[in-house]
Amino acid sequence: MITVIEVGTVKASRGERVTGHLEVGRTASGYTLAIPVIIVQGNDEGPTLWLNGAVHGDEINGIVAIRKVAFSVDPKELKGTLICTPMCNPPAFQVRHKLSGFDSLDMDQQFPGNPEGLLTERIAHILFGEIKDTADYLINFHTIGRLFLGRPYTVFKLVDGAKPELLEEIEKTAKSFATYLNCRVDLRTAAGELPGRVEGALDVNCIKNGIAAFMAEVGSGGRLEEENIDIACTGIRNVMKRINMIPGEPTAAEEQVTLTWRKFIRCNEAGLVFMKVKPYERVAKGTILAEIADLFGNVVEEVRAPRDCYVICARFDPVVHTGDRIAFVGSC
Ligand SMILES: [Zn+2]
């Protein structure tokens, strides 16, 4: 029977909350790069839930939500173990940027990592090495980019070769997080939906290792949004209730929508964008999502919904060039 849980140099016994760091590298000037770790081990046995934040360095809401839950859970009432890495990408966080300034890699495209690779690949390797034999469940916290306005939603992926029971458990767990919008992304058909190497995502690699993992997108990038942080805290506690780590029933969402198709809507013209819709809004095909005006004030483009859809996130930064992303939309 395991009674001590270890991550890096952090060790937690039954009934303990312990903090420390997982060292992941050094900078040229000699500073140690380290991921903060919080482990809360309950008095009683149960599952291990891993909460990971800021894999993109400018996504702040998840850091705060994870921290709030980690320090409010009572180890004496907890079953199982909560392991938290609220900020797992120190080089990117340090410069308030999505990507590391050292190697320009997107860390959520580098898993399971490479011990002989660039710094970001090595950090991914060290972190995933800790996660893969420890976690039963994992929530990877993101926000949408800092150019956008977002409200919380979940993303769960259908990964080829994963057991149907695992995928079912992931969907149920993600929905217990209780956000209005929930995205079921089938990786066999969603290729190209998002730019980048999706097979290197943390949740995908967890699923390949039998861990019930999903993403929680909890608002807007580069900002600290109390309302979205509260929703994220409730979501984490709901998941913990669902998997019997803490007592009580998860609070149900008033209404939930499962999106199976998603698309970034781009502008063809340029200038300043005037958004006509907000995140969570349901719009009919042809609805004007945004007007683009040139610097003389002339409306040069009306960007319209390509089909009946929900707005997942909307442009926040008003300056747009040709081809910029205006909104992220989805439909069932
Ligand atoms: Zn992100």
Members of segment 251-279 found to be under 21 Å from Val155 (Cβ atoms) and in contact with a Phe, Trp or Tyr (Cβ under 9 Å, 6 or more places away or on another chain), listed by number:
Ala253, Glu254, Glu255, Gln256, Val257, Leu259, Arg262, Lys263, Phe264, Ile265, Pro279
Every residue in segment 139-189 that is outside any loop (DSSP other than H, G, I, E, B), among the β-branched types (Val, Ile, Thr) and either in contact with a Pro (Cβ under 9 Å, 6 or more places away or on another chain) or within 14 Å of the ligand (Cβ to nearest atom) (or both), please.
Ile139, Thr154, Val155
Test: residue in segment 260-275 that is among the aliphatic types (A, V, I, L, M) and either within 16 Å of the ligand (Cβ to nearest atom) or surrounded by 21 or more Cβ atoms within 10 Å (Cβ to Cβ) (or both)
yes
Report yes if some residue within segment 119-138 is hydrophobic (A, V, I, L, M, F, W, C), in contact (Cβ under 8 Å) with a residue 24 or more places away in the chain, surrounded by 24 or more Cβ atoms within 10 Å (Cβ to Cβ) and within 20 Å of Ala190 (Cβ to Cβ); otherwise report no.
no
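Please state which one of Ala232, Ala213 is away from the ligand (no atom under 12 Å from the Cβ), buried (at least 23 other Cβ atoms within 10 Å of the Cβ) and over 20 Å from Thr251 (Cβ atoms).
Numbers: Ala232 fails: over 20 Å from Thr251 (Cβ atoms).
On inspection, the qualifying residue turns out to be Ala213.
Report yes if Glu281 is touching a residue at least 24 places away in the same chain (Cβ under 8 Å), within 27 Å of the chain's Cα centre (by Cα) and within 29 Å of Ile63 (Cβ to Cβ), otherwise no. Step through it out loud before you land on a result.
Details: touching a residue at least 24 places away in the same chain (Cβ under 8 Å): yes; within 27 Å of the chain's Cα centre (by Cα): yes; within 29 Å of Ile63 (Cβ to Cβ): yes.
When the stated conditions are applied, Glu281 passes them.
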Here's a check for you: in segment 73-107, which residue that is within 14 Å of the ligand (Cβ to nearest atom) and over 19 Å from Val37 (Cβ atoms) is surrounded by the most Cβ atoms within 10 Å (Cβ to Cβ)?
Ser100
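If you check Ile326, Ile312, Ile292, which single one turns out to be surrounded by 17 or more Cβ atoms within 10 Å (Cβ to Cβ), more than 21 Å from Glu269 (Cβ to Cβ) and not assigned by TED's automatic domain parsing to the domain that holds Leu181? If you could, list the steps in order and put the result at the bottom.
Values: Ile326 fails: more than 21 Å from Glu269 (Cβ to Cβ); Ile292 fails: more than 21 Å from Glu269 (Cβ to Cβ).
Residue meeting the stated conditions: Ile312.
Taking the condition of being over 25 Å from Val4 (Cβ atoms) and small (Gly, Ala, Ser), how many residues in segment 122-159 meet it? Step through it out loud before you land on a result.
The initial filter retains those residues of segment 122-159 that are over 25 Å from Val4 (Cβ atoms), namely 122, 124, 140-159.
Adding the requirement that they be small (Gly, Ala, Ser) leaves 124, 145, 150.
Residues flagged as over 25 Å from Val4 (Cβ atoms) and small (Gly, Ala, Ser) within segment 122-159 amount to 3.
Could you check how many residues of segment 194-210 are part of a loop (DSSP other than H, G, I, E, B) and either more than 16 Å from the ligand (Cβ to nearest atom) or buried (at least 17 other Cβ atoms within 10 Å of the Cβ) (or both)? Outline the logic, then answer.
Taking segment 194-210 first, the residues part of a loop (DSSP other than H, G, I, E, B) are 194-197, 201, 209-210.
With the extra rule that they be either more than 16 Å from the ligand (Cβ to nearest atom) or buried (at least 17 other Cβ atoms within 10 Å of the Cβ) (or both), the set shrinks to 201, 209-210.
Within segment 194-210, residues that are part of a loop (DSSP other than H, G, I, E, B) and either more than 16 Å from the ligand (Cβ to nearest atom) or buried (at least 17 other Cβ atoms within 10 Å of the Cβ) (or both) number 3.
Taking the residues in segment 32-59 that are without any contact (Cβ under 8 Å) to a residue 60 or more places away in the chain and not β-branched (Val, Ile, Thr) as candidates, determine which candidate is nearest to the ligand (Cβ to nearest atom).
Step one: filter segment 32-59 for residues without any contact (Cβ under 8 Å) to a residue 60 or more places away in the chain, giving 32, 34, 36-41, 43-45, 57.
Those still in the list that are not β-branched (Val, Ile, Thr) too: 34, 36, 41, 43-45, 57.
Details: Ala34: 21, Pro36: 18, Gln41: 29, Asn43: 35, Asp44: 34, Glu45: 33, Gly57: 9 Å.
Only one residue tops the list, namely Gly57.
The values are calculated or read from the model by the stated rules, or taken from the named source; none is laboratory data. It should be emphasised that the depicted structure is a prediction, and the values quoted were computed from it without experimental measurement. FYI the Cβ positions are ideal-geometry reconstructions off the backbone, even for glycines, and counts take in every protein chain you see.
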